[in-house]
Structure formats: C-alpha cells, structure tokens
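Below you'll find the structure, written out as structure tokens, and then a few comments.
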Amino acid sequence: MELTGAEIVVRCLADEGVDFVFGYPGGAVLNIYDEIFKQDKFKHVLVRHEQAAVHAADGYARSTGRVGVALVTSGPGATNAVTGIATAYMDSIPMVILTGQAPVPAIGLDSFQEVDTVGITRPCVKHNFLVKDIADLAATIKKAFYIAASGRPGPVLVDIPKDVTIYKHAYEYPKEVSLRSYNPVTKGHPGQIKKAVQLLLSAKRPMIYAGGGVVLSDASKQLIEFVKLLGAPCTNTLMGLGAYPANDPQFLGMPGMHGTYEANMAMQHCDVLIGIGARFDDRVIGNPDHFFQDEKKIIHVDIDPASISKRVKVDVPIVGGVSDVLDEMIKILKASKERPDEKAMKSWWSQVELWRSRECLKFNNSSEIIKPQYVVQTLHQVTNGEAYVTSDVGQHQMWAAQYYGFNKPRHWINSGGLGTMGFGLPSAMGVQLAHPDAQVACITGEASIQMCIQELSTCKQYHMPVKIINLNNRYLGMVRQWQEFFYGNRYAESYMDALPDFVKLAEAYGHVGMKIEKPSDVEPALKEAFSPKLKERLVFMDFITDQTENVYPMVPNGKGLSEMILL
Amino acid sequence: MRHIISLLMENEAGALSRVAGLFSARGYNIESLTVAPTEDETLSRMTIVTRGSDDVIEQIIKQLNKLVDVVKVLDLNEGDHIERELMLVKVKAAGKDREEMKRMADIFRGRIIDVTDKTYTIELTGPGSKLDAFLEALDASVILETVRTGASGIGRGDRILRI
Ligand SMILES: Cc1cc2nc3c(=O)[nH]c(=O)nc-3n(C[C@H](O)[C@H](O)[C@H](O)COP(=O)(O)OP(=O)(O)OC[C@H]3O[C@@H](n4cnc5c(N)ncnc54)[C@H](O)[C@@H]3O)c2cc1C
Ligand SMILES: Cc1ncc(C[n+]2csc(CCOP(=O)(O)OP(=O)(O)O)c2C)c(N)n1
Ligand SMILES: [Mg+2]
C-alpha cells in the first residue's frame, strides 16, 4: 500500500517510538498536521513560539536521554526555531527538527515563506537534509534519528517540501542504517587506556574533571566507581552537574569562571588531570597560558576527536565513549595491585581541604532583604534536592548551579554553551511532560523569563505544573555585575524599568502567582508552592531579591583559574 | 605551513557548502579549493590548499572528518605526493613581444592554445610554484588575464585515497 508523504512522516515518528512532538503549524506542514490529527501514537504539544518548541523538545531530551522532536513550518517557523537549534547544538543534545519547505518546483523562486533552511541552519546542526524525493523520506528520517543520538549527539534537521508530503510512495521504515561516511567510535584504544590508568596511579595530585559527556552517555555510575577507586577529588562542569553527587565529600563543586575556590585551585595545581566528556571550555580553563604555568599531564576522554587538543594540548588522548572507556579503566584498576601513593594522596587531600575551608560559597544572609542564594538553598531543602531544575541565563543560573546541589544526572537542565535567555520555561515544559509526577522548578530572572513568557499559555493548555522561581533583581544582573567590575559602574541598559506585575500576569494566564518580599516568607512560599494543594498548578513565585548581589567566586575574562575574585 | 588536503565526500547537493562553510565559520584559510566527481559517481574528490600551524591543520582534518558527508580525508603533506595545477594566461603578443612570449612559454613547457594577431593564450601545468614563477617572469604589463584551477594532488606510489 502506498502512503502520502505526510502519512509517512507520522508513521516514521510512531515507528521511532516518539511520544511527544513539540510544534506549531503553518502552510507548508498542513498535510503533516492533518495526519497528526488522525493518529493517536504520539501527542503533539502546541507551543506559542517555535523557539519554545525546540527548547521544550530539548528539555525532554536532556531529562530523558531520548531524542527530542520538534515540528515547525517553513520560512518564519524555521527561522524562529534557529535559536533553539543552536542551543541544542552547543550542548550536544540529540534532537530531530522537522521543517516544512516550499514545494520543490517553487524552491529558489523567492516563493511564499521560503527560506534556505538547510543553509541557515548548517552551522548549528550536527547534520541536515532536504528531502526532494518522497522515495528518500523514510530512510532520511531514520538517518536523522540515528545521527542525532549516536556518537557526539546533536540536533539534526529534516527539511520537507510541501509537495513531498502529498505524493505517494510505499512505506517501509528501515530497521537499521549504516553510513559509510559516519562511524562514531565508542571503544577507546586499549593501549591509551592502560597508559592513562598508569599515569593516574603514579600521580601525586590527581584531579578528575567530568563534563556533559558523562551525562550524555549515562555513565554516572561508572564515574562514581572510578572516582572512588582512585580516591581523587572530582569536579563537574556546568553541563556535568549531577553526574557526580554533590553531597559526596570527594566532590569539589563546579570549576571555571564561577566555579568554587577548591575546584579551581585543584584544577590549577594538580599534576595529572583527566578530562572525561568535558571540552576544556574557555569558561572552565580561563587563560590557557596561565593554566599551564603549573605543569601537569592531561588525559582526555572524548567521543569527538575534534574536542581533543582543541584549546588545550593533551598528553594522553582517548577517543571513545565515556561509559565504554570508564568500564575499561575500572576493570584495569580492579585487576591491578597498584594503588595510588597513599602518602601523596594524604597530603593532596589536606591541601584540598585547606582550599575548601575558605568556604567560598558562604554569603551574608540577611533578615531584611532576600538573598538569591538563600532562595536556591531553600528550594533544595523543600524539594529534598530531588527536583528537576531548569534555568535561564544570568546570575540566577550560576546561583542555581552553585547552591542547589545536584545529586543525580539529567536533573539540571540549562543552556551552557550558547547561554540562551528564554530557555528555562519551555525546557521545563519538556521535562514536566517527560516526568509528569516529578517536581520541576524553573529558576529564572525577570529579564530571561520575559523572553519566552508566552509559554505560560502552553503550560495552561497542557496542565504543566512547573514551579517558576523568579529571582527578580530588576536588573540584567549578570550584565550589571560585569559593568560594576569592569566598566566603572556604568550600568548601560542593564536596568529594566516598567516590569510587569508578575503575579497578575501569572493569574491572567490562569496560574497561581505569588510575590515574596521578605526573607522570612521564602520558605513558607516554597513549601506552599510544592504542597499537595498546588501539585496540579503552575506557580509563579516572584522573589524580590537583593539588587546588588554578585556571583562569587569569579575568574575575570582572560585571567587564570587561580586568580579568582572572592567575596 | 602550506598543506594540501584531499578528501572524498558523498556526491550530494550541499556537500561543497558544508566544507566551505566550515572553513569560513572556523576562520581557517583556503588558498584554493577544487572539486569534481570521481570514477565512482557517488563520490566527489576535493582538494583544499590551506595554511596553518600544526595544531590548526590537525583541527582542520578532525573537523573535516566530522562532517557527515565526508568519507575520507588525507593530508597529502604527510607523505610523498604530486601537485599539479592548470593555468591559462592570455598575454599581449604583438610585434617584438611575440617571439619573446613564445620562447618563455617553451622554457616553462607551456603550450600556446589560442592565437590572435595581438594575443597568445598559454596553457601551463605544474605545481603552483611553477605557475607563480612563470607569471613573475613575465612583465606584468603584458598579462591580460589569468585563470587557475587551484591545485590538485595525489599521493606517490601506493599511497592511494579511495574507499
Ligand atoms: C553565564 C554562563 C556562565 C558559565 N560559567 C561556567 C562556569 O563557571 N563553569 C563551567 O563549567 N561552565 C560554565 N558555563 C558553561 C560553559 O559555557 C560550557 O557550556 C561548559 O563549561 C561546557 O561543559 P562541558 O565541558 O562539560 O562540555 P559539553 O558542552 O557538555 O560537551 C560535552 C563533551 O563531551 C563529549 N561527549 C559527548 N558524548 C560523549 C560520550 N558518549 N562519550 C564521550 N564523550 C562525549 C562531547 O564531544 C563534548 O566534548 C557558563 C555558561 C554561561 C551561560
Ligand atoms: C538571548 C540572550 N540575549 C542576551 C544575553 C546576554 N545576557 C546574559 S545574562 C543577561 C541578563 C539576564 O538577566 P536576568 O534574566 O534578569 O538574570 P540575572 O542575571 O539578573 O539573574 C544577558 C542580557 C543572553 N545570554 N541571551
Ligand atoms: Mg535580573
């Protein structure tokens, strides 16, 4: 039997086991929407802006490890989706984005709602396709899912001209695909792995630096075992938070620009550093020349060869998947009689503890004015540290990362690489749909939340009881902080006047709004929001916080890791 | 250092722009780029001449390998190789210049492939440096037009790039 292209698209998604598609209709995808109307295999979620469709699919993917799916129309639908696609690309999130396109004969004629979607998105997708022939449609969608989820994950876009959704063709969903030009390696080189273990065992000051790759490969368990076997300190990047439990004594917190004193000092002064699924980002390493002033050997495990020796020269490169490579390393460590030098480790740890005793995250709490850090700490208590927390971008994001204390992977959902304001609320929608019974909090700022505020309407339609924690400092706080530190207190365009009344706004969308102005009201408000009474409701908590608060520690741009500004 | 990178990629619409886009997005320099189908019609072969430090060249190779349409990449500079480029030059060839121009073409083993009473068009093949040398040997004022294909390269002996 022959199916139309639109039927094929919908069948492919069903056969791929997709349960949610986030999207927004328009002319070029009307045939696909008509087929969605007729099926019940997956649920379509109608967002209010295409950027949010992609962020929601992204939140779904980050919190489940499955491929997120978004569907948008041609032209403005596709261009609106670009920010979401670039966000997912920078953080290596597996996604498939389907876009409508002008009919094949109309392509190139400046037709209605025609843009060169493949051209526009080329630099921010793992791969993309334009399907000009219905005969290729099913196989292309299969390839898209395969490429998105394998190797270093990433978003893959499939652009489907409208006429392709009308033509008919026999349907068969390929069980497997293989591409001669794409063969990601997962097993690491055994010789290199042995060498790495040797180096780690001979280290006097070993340090483990684990990133988003550990989360992406679901290798948290292996990481914990590995860290325990070595007895070394461990840090997680912003993207890796939760990969190693924050409440474990071997955890030093996050490294980098807003990392802890102990993590940064240990990164700087270790003699052997192993990077595991972390990409030596400029926000983490600081000034690379300064980083190497203290000599160290570096081992780097990454599935993407291009991540290795990109910003930092590596001594022992290991191309492979985190989980495979850690399995091997654990095997070797267990079989080996050699153990880390006990005396050296003891003195390394006493150094680390000395750094830790600086208590760099201590802040001056107040009984007069709400400190944002206090809100995050209290959120941790109220949710037992078990909530899924999404965030936007700015100071509130850093405080969430520093003070929530993530003990499990896939619970911290934020835009690290692109730093996309507007990510928090829509990504929380994807998380909430994937985990309907879980507590989902979105920690945001009054500026970021306004970038996708329209999604409050989506939350109403689909009963998404997200708890929004708005750390309202009436400033583009992160911008203001840089202006205070580096621009002589000239607060150019970082103050936002005429903010909406968020309580009324939440209510206008049909939700519960709360305004919290006193520190003593923080805990009761959070408890109420997360109480059974409001379990089914979205609660928008507008916390009026200290406007002058800054994020510490801070490694100024271009400075070395050990040159932190501390409170 | 100057490197000649050869690659095989899927002969698909858009594959060329992926490579060109990669170079511009990451700020790698391209001295020349040539591309044409191979005896296997599903594959195109591209030759890119670029410059960069060893670290940059290593990144270029890795980034090229990462493109889903790219099947194989070879840095020809890693071993013995032959480089050839074709150039067509139209020069003034009137009066006393005419004989001199013919002599120059002969010295460089060029061929005159089009003749008018005022011009010659000379065809020249060789490594890029030879073509440069030819142009330098001419008086700039006699050159009317040049067109170069960019370098193609191939490994010597049994160094073979195929799938
Ligand atoms: C305002 C702001 C401030 C920031 N400050 C900080 C900061 O202080 N500290 C900080 O850490 N970050 C900070 N960031 C985030 C920073 O920009 C980077 O996004 C982040 O550091 C990158 O994390 P990562 O190295 O873990 O890499 P990711 O971006 O998570 O990349 C994962 C790496 O793992 C590899 N990988 C993927 N899958 C696998 C697999 N299966 N096996 C093996 N390898 C795999 C990938 O190839 C890649 O190299 C900040 C961001 C913002 C917006
Ligand atoms: C889309 C987008 N535009 C601009 C920026 C630059 N930027 C980073 S943080 C920030 C301020 C965010 O303000 P707010 O959401 O109130 O958070 P705060 O820092 O005050 O906690 C800005 C403008 C960005 N990251 N994303
Ligand atoms: Mg703010």
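The values are calculated or read from the model by the stated rules, or taken from the named source; none is laboratory data. What you are looking at is a predicted structure, and each value in this text was computed from that prediction instead of being measured. Positions of Cβ are generated from backbone atoms using ideal geometry, with glycine treated the same way; all protein chains shown enter the neighbour counts. Surface areas here come from the heavy atoms of the whole protein model, side chains and all, with no ligands, DNA or RNA. Shrake-Rupley method; radii C 1.70, N 1.55, O 1.52, S 1.80 Å.
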What accessible area, in Å² to the nearest ten, does a 1.4 Å probe give for residue A:7?
60
For chain B, what is the calculated [θ] at 222 nm in deg cm²/dmol (nearest 500), taking -39500 (n - 2.57) for each run of four or more DSSP H residues and dividing by its residue count?
-8500 deg cm²/dmol
Compute the helix-to-body angle for B:97-107: its Cα long axis versus the longest principal axis of chain B, expressed 0 to 90° and rounded to tens.
40
Scoring only Lys, Arg, Asp and Glu (+1, +1, -1, -1) among other residues with Cβ under 15 Å from the Cβ of residue A:483 yields 0
Distance between region A:110-152 and region A:473-535 - C-alpha centres, whole angstrom
39
Centroid-to-centroid separation of region B:113-135 and region A:199-214 [C-alpha atoms, Å]
60
Cα centroid separation - region A:385-434 against region B:44-76, whole Å:
37
For region A:243-335, what is the convex hull volume of its Cα atoms per residue in Å³?
111
What ranking of B:55, A:289 comes out by heavy-atom accessible area, probe 1.4 Å, highest first?
A:289, B:55
Can you divide the C-alpha Rg of the protein assembly as shown by 2.2 N^0.38 Å and report the result to two decimal places?
1.09
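Among the trypsin sites (Lys or Arg not before Pro) within region B:76-163, which fall in a DSSP loop and have no more than 14 other Cβ atoms within 10 Å of their own Cβ? Intermediate results must be reported in sequence, preceding the final value.
Values: sites: B:84, B:90, B:92, B:96, B:98, B:102, B:103, B:109, B:111, B:118, B:130, B:148, B:156, B:159, B:162; in loops: B:96, B:109, B:118, B:156, B:159, B:162.
Answer in residue order: B:96, B:109, B:118, B:156, B:159, B:162.
So which of A:126/B:72; A:43/A:143; A:297/A:334; A:195/A:296 end up more than 20 Å apart, counting from Cα to Cα? Show your work: numbers first, answer last.
Values: A:126/B:72 18 Å; A:43/A:143 22 Å; A:297/A:334 23 Å; A:195/A:296 15 Å.
Where the Cα-Cα span goes over 20 Å, the pairs concerned are A:43/A:143; A:297/A:334.
Based on alpha-carbon atoms only, what is the radius of gyration of region A:337-463 relative to the globular estimate 2.2 N^0.38 Å?
On the way: Rg = 18.6 Å, N = 127, 2.2 N^0.38 = 13.9 Å.
It is 1.34.
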Would you mind classifying region A:43-190 by shape? Square roots of the alpha carbon gyration tensor eigenvalues, ordered a ≥ b ≥ c; an a/c under 1.5 is rounded, otherwise it is prolate if a/b is larger than b/c and oblate if not.
oblate
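Per the helix-only calculation at 222 nm, which mean residue ellipticity applies to chain A, given -39500 (n - 2.57) for every DSSP H run of n ≥ 4 and division by its residues, nearest 500 deg cm²/dmol?
Details: 21 runs with 207 residues, N = 567.
Dividing the helical sum by the residues of chain A leaves -10500 deg cm²/dmol.
Report the antiparallel proportion of the DSSP beta bridges in chain A as a percent, rounded to a multiple of 5.
Numbers: 6 of 69 bridges.
Close to 10 percent.
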Write out the trypsin sites (Lys or Arg not before Pro) in region A:338-389 meeting two conditions: DSSP loop, and at most 15 other Cβ atoms within 10 Å of their Cβ.
A:358, A:362
Based on Cα positions only, what radius of gyration and what Dmax would you give for region A:194-285, in angstroms?
11.9, 34
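If eta is 0.890 mPa s and T is 25 °C, what Stokes-Einstein diffusion coefficient results for region B:1-118, Kirkwood Rh from Cα pairs, in µm²/s?
146
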For chain B, find the longest principal axis of its Cα atoms and tell me its angle to the long axis of helix B:54-66, 0 to 90°, nearest 10.
70
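Which FRET efficiency, nearest 0.05, do residue B:55 and residue B:84 yield, Cβ-Cβ r, R0 41 Å? Show your work: numbers first, answer last.
Values: r = 29 Å, r/R0 = 0.70.
The computed FRET efficiency comes out at 0.90.
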At q = 0.26 Å⁻¹, what log₁₀ I(q)/I(0) does region B:1-69 have when each alpha carbon counts as one equal point scatterer in the Debye sum?
-1.26
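Give the residue list of GluC sites (Glu not before Pro) in region B:1-95 that are DSSP loop and have at most 11 other beta-carbon atoms within 10 angstrom. Walk me through the intermediate numbers first.
On the way: sites: B:10, B:12, B:31, B:39, B:41, B:58, B:78, B:83, B:85; in loops: B:12, B:31, B:39, B:41.
Answer in residue order: B:39, B:41.
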